[in-house]
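Encoded as structure tokens, here's the structure I'll be asking about.
The values are calculated or read from the model by the stated rules, or taken from the named source; none is laboratory data. Given the structure is predicted, the values throughout are model-derived calculations rather than measurements. Cβ placement follows ideal geometry from the backbone for every residue including glycine, while neighbour counts extend to all protein chains displayed. Calculation scope for accessible area: heavy atoms of the full protein, side chains included, ligands and nucleic acids excluded. Shrake-Rupley method; radii C 1.70, N 1.55, O 1.52, S 1.80 Å.
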Amino acid sequence: MNTASDLPLREQVPIMDTTPATVPAGISADEIALYDRQIRLWGVQAQEKIRNANILLISMKALANEIAKNLVLAGIHSLTIVDHELVTESDLGAQFFITEADVGTNRAEAAAPQIRKLNPRVNVIVDPTDIRSKGSNYFGAFDVVIATDLQPVSLGLINTATRLGHKPFYAAGVHGFYGFIFSDLIEHQYLVEREKSNRPTTLEKETQTRSIVDVKEKKESGKHIELVTKRELYSTWLLASDGANLPSDFLKSRRRLKAVTPILSCFRALWAFVEEHDGRLPSKTTEDLKQFTILATQKHKALGLPEETLRSEVLRSFLQNLGSEIAPVTAVLGGQLAQDVINVLGARQQPIQNMVIFDGESMEAPMYPLHPDGELGVGLLPLSVGAGNGVLANGDMSMSMNGGMPFQPDVIEV
């Protein structure tokens with residue numbers, strides 16, 4: 001699987017530490033043994049941060065199953081699952097924490113016992129209430145917020161709340177062979193360990209989003225190792241899902257533009273359609289198919305992509321996959337998202353920046369930094385508060401939308 005990135009090759013594989021590490025007072029010897037492999041990969045201090053992390057996971061469908069599995073096995077402190085939906089027969093196809101006996105019961109409560117069995121050390125908390133009943137301060141209790149398979153309006157509003165609380169936010173969703181991951185870490189610093197090269201590393205801005213902010217050195221096993229601290233800046237879901245452009249180096253190269261997956265345009269068209277139709281997916285009616293095609297063409301053109309890459313068979317395949325869950329696709333995307341959360345918690349390695357689009361037919365998952373021109377990071381906070389159709393008021397999630405309608409972060413019905 002291809003995961004496009006502009007990272008130098010020497011940064012893509014972390015250096016595995018084979019020397020004994022000093023054990024922090026809070027982590028026990030049996031935990032060291034249990035998590036030995038990952039401790040050797042990213043260090044005891046990073047594992048300690050993971051061990052103390054409280055994660056919020058919103059909705060419990062097939063993609064969330066994979067995310068929950070990987071985070072719990074990694075040894076986080078707690079996983080809170082919020083989902084008010086009931087298990088249906090359609091959930092049984094790709095969701096492995098539930099059985100036919102769970103049909104009609106709460107989806108989070110049905111999955112929780114099996115999740116707890118994966119790692120009894122992790123505190124798995126179930127909240128069967130509707131996410132729309134939560135105040136914006138609710139999200140501040142978590143180290144990372146992950147929202148899966150929600151309506152795009154809901155993702156924007158939850159992202160606004162996480163920005164106000166300065167909390168990392170992930171959004172993800174799948175439709176059959178296709179899926180996406182979005183991340184807004186606001187401003188995130190991380191450490192890259194690499195062998196020192198002949199070319200000196202300087203404090204500088206590498207891209208629109210990434211800067212080198214510190215460089216240290218150490219000697220290990222006779223080798224000179226650089227400890228490079230980098231900072232990544234992010235923008236919001238509201239911008240990345242529609243208004244933001246591809247990076248300038250893409251726009252200057254027709255070859256790179258032709259390589260951009262048209263599934264990005266399809267997802268942008270889908271998000272626009274769902275918002276316009278109160279959460280409804282496109283049906284097979286002529287009217288819906290025509291409107292979706294027009295939207296996809298508009299989004300494709302707005303991204304500056306060549307017209308010929310948005311072929312009719314691409315549109316047809318995307319529409320045919322809407323509303324379905326395929327286990328191998330959710331496994332790949334869920335594993336990638338969970339691994340990125342672990343990297344972010346441990347502040348090791350380059351995180352997702354900021355949109356991954358997965359195409360299960362080609363088995364490619366390119367990453368695109370989708371940002372507006374100008375200031376990023378915390379500088380976008382004022383825009384987050386007043387963006388979209390609503391504004392936060394009185395510290396809660398009651399947002400004025402479309403003529404006074406309350407905040408409604410429902411799961412997309414399929």
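Val228: open to solvent by less than 30 Å² (accessible area, probe 1.4 Å), farther than 19 Å from Met355 by Cα and in contact (Cβ under 8 Å) with a residue 12 or more places away in the chain, yes or no? Break it down stepwise before answering.
Working: open to solvent by less than 30 Å² (accessible area, probe 1.4 Å): yes; farther than 19 Å from Met355 by Cα: yes; in contact (Cβ under 8 Å) with a residue 12 or more places away in the chain: yes.
The answer is yes for Val228.
Considering only region 178-225, state which residues are in a strand (DSSP E or B), open to solvent by less than 80 Å² (accessible area, probe 1.4 Å) and farther than 23 Å from Val341 by Cβ.
Looking only at region 178-225, we keep the residues that are in a strand (DSSP E or B), and these are 178-184, 187-195, 205, 210-220, 223-225.
Filter once more, keeping what is open to solvent by less than 80 Å² (accessible area, probe 1.4 Å): 178-184, 188, 190-194, 210-215, 218, 220, 225.
Within region 178-225, Ile212, Asp214, Val215, Lys218, Glu220, Ile225 meet the criteria.
Would you mind finding the one in Phe318, Phe292 that is under 22 Å from Ala171 (Cβ atoms), touching a residue at least 40 places away in the same chain (Cβ under 8 Å) and aromatic (Phe, Trp, Tyr)?
Working: Phe292 fails: touching a residue at least 40 places away in the same chain (Cβ under 8 Å).
The match here is Phe318.
Limited to region 109-145, what total is found for residues that are closer than 17 Å to Glu325 by Cβ and open to solvent by less than 10 Å² (accessible area, probe 1.4 Å)? Please lay out each step first, then the result.
Quick first cut of region 109-145, residues closer than 17 Å to Glu325 by Cβ only: 110-111.
Imposing the further condition that a residue be open to solvent by less than 10 Å² (accessible area, probe 1.4 Å) reduces the set to 111.
Adding up the residues that qualify gives 1.
Taking Ile55, is it open to solvent by 10 Å² or more (accessible area, probe 1.4 Å), closer than 23 Å to Asp340 by Cα and not in a helix (DSSP H, G or I)? Step through it out loud before you land on a result.
On the way: open to solvent by 10 Å² or more (accessible area, probe 1.4 Å): no; closer than 23 Å to Asp340 by Cα: yes; not in a helix (DSSP H, G or I): yes.
When the stated conditions are applied, Ile55 does not pass them.
Can you name every residue in region 78-108 that is part of a helix (DSSP H, G or I), closer than 28 Å to Leu345 by Cβ and open to solvent by 10 Å² or more (accessible area, probe 1.4 Å)?
Keep residues of region 78-108 that are part of a helix (DSSP H, G or I), which gives 89-92, 100-102, 107-108.
Within this subset, residues satisfying the condition of being closer than 28 Å to Leu345 by Cβ are 107-108.
Listed by number, the list holds a single entry, Arg107.
So Asn70 passes all but one of these: (1) closer than 19 Å to Gln339 by Cα; (2) open to solvent by less than 10 Å² (accessible area, probe 1.4 Å); (3) of a type outside the set (A, V, I, L, M). Which condition number does it fail?
Status for Asn70: all satisfied but (2).
Report, ordered by the first and then the second residue, all pairs with beta carbons closer than 6 Å, sequence separation of six or more or different chains, a first member in region 323-350 that is within 25 Å of Ser283 (Cα to Cα), and a second member that is of a type in the set (Val, Ile, Thr) and buried (at least 19 other Cβ atoms within 10 Å of the Cβ).
Val329/Val174; Thr330/Val174
May I pose another question? Does any residue of region 369-385 turn out to be in a loop (DSSP other than H, G, I, E, B) and modelled with pLDDT of 95 or more?
So in region 369-385, the residues in a loop (DSSP other than H, G, I, E, B) come out as 369-370, 372-376.
Now drop any that are not modelled with pLDDT of 95 or more, which leaves 369-370.
So far as region 369-385 goes, yes, one or more of its residues are in a loop (DSSP other than H, G, I, E, B) and modelled with pLDDT of 95 or more.
Turning to a different aspect of this structure: Residues in region 264-313 that are β-branched (Val, Ile, Thr) and in contact with a helix residue (DSSP H, G or I) (Cβ under 7 Å, 6 or more places away or on another chain): how many? Before the answer, list the steps.
Looking only at region 264-313, we keep the residues that are β-branched (Val, Ile, Thr), and these are 274, 285-286, 293-294, 297, 309.
Within this subset, residues satisfying the condition of being in contact with a helix residue (DSSP H, G or I) (Cβ under 7 Å, 6 or more places away or on another chain) are 274, 293, 309.
Qualifying residue count, region 264-313: 3.
Step by step: first the residues of region 291-309, then only those that are aliphatic (A, V, I, L, M) and out of contact with any Asp or Glu (no Cβ under 9 Å at 6 or more places or on another chain), then the one that is nearest to Ala272 (Cα to Cα). Which residue is that? Can you show your working first?
At the first step, the residues of region 291-309 found to be aliphatic (A, V, I, L, M) are 294-296, 302-303, 305.
Checking which are out of contact with any Asp or Glu (no Cβ under 9 Å at 6 or more places or on another chain) leaves us with 294, 296, 303, 305.
Details: Ile294: 11, Ala296: 9, Leu303: 15, Leu305: 18 Å.
Per the criteria, the residue is Ala296.
Let me ask something additional. So which residues in region 304-322 are touching a Gly at 6+ places or on another chain (Cβ under 9 Å) and open to solvent by 40 Å² or more (accessible area, probe 1.4 Å), if there are any at all? It would help to see each step written out before you state the result.
The first filter runs over region 304-322 and keeps only residues touching a Gly at 6+ places or on another chain (Cβ under 9 Å), leaving 317-318, 320-322.
Scanning region 304-322 gives a single hit, Gln320.
Among the residues of region 265-303, write down those that are more than 17 Å from Arg316 (Cβ to Cβ), open to solvent by less than 20 Å² (accessible area, probe 1.4 Å) and aliphatic (A, V, I, L, M).
Across region 265-303, the qualifying residues are Val274, Leu303.
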